[in-house]
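The values are calculated or read from the model by the stated rules, or taken from the named source; none is laboratory data. In this text, all values refer to a predicted model and were calculated from it rather than measured experimentally. Positions of Cβ are generated from backbone atoms using ideal geometry, with glycine treated the same way; all protein chains shown enter the neighbour counts.
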Amino acid sequence: MFTIASEVTVENGEMIFREDGLGDCLYQVLSGAVVISGTIGDKTLVMEVLRAGEIFGEDSLLGAGARGASARALGKTVLGVVDTRGMARELAALSPALRTLFESVFARLGRMTETAAGIKTLRRETRVEKVWSLYLDGDGQFKKAFSREVSAQGMFIKTPAPLARGERFDLLLRLPGQTDPLAIRCEVAWNRMETDNPQDFPVGMGVEFVEMSAADTHKLRDALAE
């Protein structure tokens, strides 16, 4: 039985999470509907429409990091945010062989869904573990924080004071060997305000890069490839 930790209401057309965005939330549709979609080239293709009672965001249970598809509300929708802490502990307690089996089944179902919709299974951007110093602009003052998972499209920022979902801010990212920091405009995709497992699930926020110069993007890609 799923335990609902909280409920959130989203309006028609509101994005719940974006493809390749960071996130660790698992949701259940309580009322309304959710459209799951993916992109190929410049086209957005609908993969499925979820109704009341259905679960989505299950890739978060396996620590997949980046989302494999986008989720958007269809009509005014109420979502239950599932308490994944107990589920994660149960999953971690499985034998290595059984956990591998579950991961294989999840991956296979994901590939089947994407294939049926005509979606490429390879991610557009690879996320890698990088611990870099960065500065968040809050009220005109930059506060130090650290990166965790990073791609050319976004990152998870470990910080004791994560911002609200949807909030935009400026970020200065100092790459190893670079004198001048990268200047990036970001938007908070999700946040984690508290945790009982700070090592694996630290307090912080997943952000998406919404504005960055071509030169800085090139520098970031080079740093990620090192």
Next item on the list: Can you run down the residue pairs with Cβ atoms below 7 Å, 6 or more apart or on separate chains, where the first is in the stretch 31-58 and among the basic types (Lys, Arg) and the partner is at pLDDT 80 or above?
Entry: ARG51/VAL29; ARG51/ALA33
Next item on the list: Kindly indicate the residue of the stretch 1-16 that is in a strand (DSSP E or B) and at pLDDT below 90 and also surrounded by the fewest Cβ atoms within 10 Å (Cβ to Cβ) among those meeting that condition.
Entry: SER6
Check: Taking into account only those residues within the stretch 138-164 that are in contact (Cβ under 8 Å) with a residue 60 or more places away in the chain and outside any strand (DSSP E or B), which is surrounded by the fewest Cβ atoms within 10 Å (Cβ to Cβ)?
Finding: ALA152
Checklist line | Top-ranked residue of the stretch 165-193 - restricted to ones that are at pLDDT below 85 and assigned to a strand (DSSP E or B), ranked as farthest from GLU211 (Cα to Cα) | finding: ARG192
